[in-house]
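Report on the structure given below.
Every number here is computed from the coordinates shown, using simple stated rules; none is lab data. Quick caveat, the model's predicted, so the values are computed rather than measured. Quick reminder, even Gly has a Cβ in these numbers, built from the backbone with ideal geometry, and neighbours come from all protein chains shown.
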């Protein structure tokens with residue numbers, strides 16, 4: 001359940017200490033909740049057990065494909081001890097018992113590794129996988145009916161849980177091993193996603209859902225045409241946003257309660273709106289900006305008639321009507337923040353109908369909508385370049401045989417993978433321009449007809465030609481903002497040297513340490529970290545890089561700076577014609593890595609949504625755009641890394657805007 005937010009005064013700058021010689025003030029975490037101390041003998045015993053299990057796993061299981069199934073229990077214990085995640089108010093020994101259970105589970109699975117019986121177990125099953133983002137192990141739970149034939153492809157219902165600020169790894173694992181949950185499976189498997197615990201299934205939490213599904217597909221025969229996404233409260237908000245972003249992965253989407261956007265949900269008045277760039281970034285997760293995608297699969301909402309979160313579904317009803325559609329919104333009578341039993345039966349009946357039909361993969365009429373190339377695909381349509389990011393972007397498509405008609409908005413490069421067109425050739429009519437397309441050979445997601453706007457003739461389109469793509473432009477997976485670095489595999493690179501600017505040096509090291517702590521406690525993983533002198537060619541190939549430091553302290557910063565659109569030396573940061581004293585400011589930005597343009601480089605920025613956003617999941621959105629000049633006259637706090645002196649998005653060619 002969402003924690004209420006009393007006004008968004010919490011988003012205003014905290015009165016913060018100035019950066020002088022004193023230490024920077026500590027930043028108090030919001031999630032997970034701070035727990036209670038357990039008896040010292042229990043702590044010592046559990047801590048020793050964690051250390052011993054790590055050694056045994058390294059010796060006997062590190063290379064096993066099932067290692068993560070063991071490591072999730074060890075990590076759960078480790079994090080519970082590190083961050084004080086023991087919560088039982090009446091009897092703390094109950095949480096100690098959970099820890100003992102987790103330790104015994106790890107030992108048992110380690111002993112059974114050769115036969116790994118849990119991989120064929122039915123009933124309540126806990127599994128784990130290694131996330132590509134940070135290399136951490138993440139858990140998920142399964143409910144597998146005893147009578148389900150696992151030799152045949154099975155439908156998968158993905159359940160997203162509600163807000164659980166105390167629902168850390170240990171408590172999630174224990175619950176998933178002992179409780180079936182809201183949905184009782186009947187002829188299908190239920191997957192309970194962890195979503196990195198309590199971040200609204202956004203950013204790394206969204207990727208966690210996709211990674212958990214992919215792992216389950218690698219372990220069980222899952223029918224890819226019959227995957228359902230559903231959730232309640234925070235999970236309802238997550239089902240809306242994940243579903244709107246990745247609509248074509250599901251045969252049906254259902255959202256109970258939760259939120260659909262930011263401003264209306266927290267009752268934010270225009271006079272209290274945050275800066276324009278932050279409002280723009282609401283567009284990453286605000287579902288109304290992606291609503292047309294949801295017209296392509298069955299989408300339903302549920303609310304209790306006495307639940308304040310009925311607002312989320314009412315917003316969706318209104319947006320559907322704006323587009324000439326009607327939302328199926330089921331309402332539980334005399335019900336607050338839960339499912340009415342009759343309504344849940346109705347929800348499950350509707351989902352069962354959708355599962356019987358399967359995913360509508362080749363429907364001839366599509367309406368794609370986005371605001372960013374981060375989410376650029378709907379079935380057989382892909383946007384590859386935009387006129388301008390963060391504007392309403394659409395592709396409406398109709399296919400008849402080998403011919404496709406498209407109407408676009410804010411798109412200047414796209415790909416069509418309509419099967420009949422790809423196999424036999426035909427025509428694509430884009431905004432009135434008829435383009436002949438030959439059959440396309442080859443296989444894979446990039447196989448299709450690629451078209452671009454003709455710059456020589458305004459408003460016309462032509463087939464894309466080899467060599468006519470700009471070397472540097474915003475493209476899918478390389479479009480920003482800063483937080484997008486942390487949605488795929490990344491490496492933190494800390495400096496081996498010291499900056500000549502003492503304030504910057506102190507600030508950057510404090511922010512790097514804060515990021516380590518915040519990522520572990522709130523995002524539930526330990527970062528990959530190296531010093532600049534230890535980074536290899538393989539690291540450059542495989543990872544986005546987050547570089548802390550400046551050109552003096554970090555050798556990789558020195559290498560990438562000359563090709564960046566913002567200049568920075570020991571004396572000044574120069575943005576266009578404006579300069580800032582380098583002794584009093586830091587530069588943070590995201591950019592295609594000059595050392596490997598297929599990956600990002602980020603300078604001096606952690607997650608831009610900080611602790612105060614954790615008070616309400618609807619606020620856990622990117623808060624800063626592509627580049628920022630940060631002043632040291634405000635200390636890092638729960639809202640900002642310092643004073644936001646100047647900030648903006650780069651243009652579509654990764655250059656400064658006028």
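Applying 1/(1 + (r/R0)^6) with r as the Cβ-Cβ distance of residue 648 and residue 581 and R0 = 22 angstrom yields a FRET efficiency of 0.65.
What is the range 482-648 by shape, rounded, prolate or oblate, if you read a ≥ b ≥ c off the alpha carbon gyration tensor as root eigenvalues and call it rounded for a/c under 1.5, prolate for a/b larger than b/c, and oblate otherwise? The shape class here is rounded. Extension gain for the segment residue 94 to residue 58, taken as residue separation times 0.36 nm less the Cα-Cα distance, is 10.0 nm to one decimal. Subtracting the Cα-Cα distance of residue 429 and residue 655 from their residue separation scaled by 0.36 nm leaves 78.2 nm.
Using r as the Cβ-Cβ distance of residue 23 and residue 314, and R0 as 45 Å, what FRET efficiency do you calculate, to the nearest 0.05?
0.40
Subtracting the Cα-Cα distance of residue 441 and residue 516 from their residue separation scaled by 0.36 nm leaves 22.3 nm.
When DSSP beta bridges are restricted to pairs lying wholly in the range 40-357, around 30% turn out antiparallel. Rounded to the nearest Å, what's the spacing between the alpha carbon centres of the range 375-411 and the range 198-256? Just the number, please. Using only Cα atoms to place each centre, the spacing works out to 23 Å. Taking every alpha-carbon pair under 8 Å whose residues sit at least 6 apart, the range 365-463 reaches a relative contact order of 21 percent.
Note down the relative contact order for the chain as a percent, whole number, built from C-alpha pairs under 8 angstrom at least six residues apart.
The normalised contact order for the chain reaches 13 percent.
Using a simple spin-label model with pseudo-atoms 7 Å out from Cα toward Cβ, residue 398 and residue 559 lie 5.3 nm apart.
Antiparallel beta bridges, as assigned by DSSP with both residues in the chain, represent about 65 percent of the total such bridges. In this simple spin-label model, placing a label point 7 Å from the Cα along the Cα-to-Cβ direction at both residue 405 and residue 342 gives a separation of 4.5 nm.
In this structure, residue 113 and residue 538 have a Cβ-Cβ separation that, at R0 = 25 Å, corresponds to a calculated FRET efficiency of about 0.30. May I ask for the distance between the Cα centers of the range 326-365 and the range 532-554, given as a whole number of Å? With the range 326-365 and the range 532-554 each reduced to a Cα centre, they are spaced 48 Å. Here the spin labels are modelled as points 7 Å beyond Cα on the Cα-Cβ line, and at residue 323 and residue 65 they lie 3.9 nm apart.
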